[in-house]
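J.: Please read through the structure below; I'll follow up with questions.
The values are calculated or read from the model by the stated rules, or taken from the named source; none is laboratory data. Fair warning: this is a prediction, and the values are worked out from it, not measured in the lab. No Cβ is skipped: glycine too gets one built from the backbone with ideal geometry, and neighbour counts run over all protein chains shown.
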């Protein structure tokens with residue numbers, strides 16, 4: 001079936017659109033993830049790292065990175081004919097966090113992309129979504145050459161609640177990213193259902 005058209009005799013499908021944030025530390029792979037899965041040319045707001053930013057841009061562990069997102073990344077993916085995700089990648093450095101509140105408005109859920117080489121960079125994103133009761137999933141981006149740790153070790157290091165999903169992924173691989181996005185949608189739907197459920201005594 002071609003998107004926007006229906007099979008003979010069936011009315012056109014009006015897709016549900018959902019907003020998903022992609023957050024995480026500097027250099028965790030957020031821009032790569034959005035670009036790997038977006039069916040449109042992703043909007044990117046990347047700028048070259050400068051000498052002036054050297055004192056505040058910690059590139060330890062990601063020495064090859066020479067650009068940074070200064071506002072957001074934006075992409076779109078159709079998961080089914082009736083479900084479209086809009087992806088908003090957040091900037092990773094502290095000085096751009098004032099944009100997060102605007103980007104988070106209306107979000108169904110979020111992906112916190114983690115890099116085991118700089119796991120501490122994920123704490124701020126985890127804390128942000130926990131404090132605002134925005135359901136999120138942690139995607140551990142498996143970089144080439146980075147040490148591999150059991151999922152439970154990463155979960156313990158991030159002090160995640162038991163109900164927060166954690167998955168291993170490759171932000172460069174479309175199918176891997178799709179599984180992450182499907183996971184966060186399922187988690188967010190379950191989270192919303194649990195909040196609507198009546199409290200029994």
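J.: Which of the following residues is surrounded by fewer than 18 Cβ atoms within 10 Å (Cβ to Cβ) and closer than 26 Å to residue 85 by Cα: 156, 192?
T.: Only one candidate qualifies: 192.
J.: What's the number of the only condition in (1) within 16 Å of residue 165 (Cα to Cα); (2) touching a strand residue (DSSP E or B) at 6+ places or on another chain (Cβ under 9 Å); (3) part of a helix (DSSP H, G or I) that residue 127 fails to meet?
T.: Tallying (1) within 16 Å of residue 165 (Cα to Cα); (2) touching a strand residue (DSSP E or B) at 6+ places or on another chain (Cβ under 9 Å); (3) part of a helix (DSSP H, G or I), residue 127 fails exactly one: (2).
J.: Identify all residues within segment 167-201 that are within 25 Å of residue 106 (Cβ to Cβ), in contact with a strand residue (DSSP E or B) (Cβ under 8 Å, 6 or more places away or on another chain) and not in a helix (DSSP H, G or I); write none if there are none.
T.: 167, 169, 171
J.: Sort through 112, 167, 126 and tell me the only one that's surrounded by fewer than 19 Cβ atoms within 10 Å (Cβ to Cβ) and within 13 Å of the chain's Cα centre (by Cα).
T.: 167
J.: Going by the structure shown, is residue 160 part of a loop (DSSP other than H, G, I, E, B), over 15 Å from the mean Cα position of the chain (by Cα), free of Cβ contacts under 8 Å to residues at least 40 places away in the same chain and more than 22 Å from residue 174 (Cβ to Cβ)?
T.: Working: part of a loop (DSSP other than H, G, I, E, B): yes; over 15 Å from the mean Cα position of the chain (by Cα): yes; free of Cβ contacts under 8 Å to residues at least 40 places away in the same chain: yes; more than 22 Å from residue 174 (Cβ to Cβ): yes.
Judged against the criteria, residue 160 is a match.
J.: Just one of (1) at pLDDT 95 or above; (2) within 14 Å of residue 24 (Cα to Cα); (3) assigned to a loop (DSSP other than H, G, I, E, B) trips up residue 91, so point out which.
T.: Evaluating residue 91 over (1) at pLDDT 95 or above; (2) within 14 Å of residue 24 (Cα to Cα); (3) assigned to a loop (DSSP other than H, G, I, E, B) leaves (1) as the failure.
J.: Select from segment 13-34 the residues that are surrounded by fewer than 20 Cβ atoms within 10 Å (Cβ to Cβ) and closer than 17 Å to residue 182 by Cα and write down the one among them that is nearest to the chain's Cα centre (by Cα).
T.: The extreme case among them is 19.
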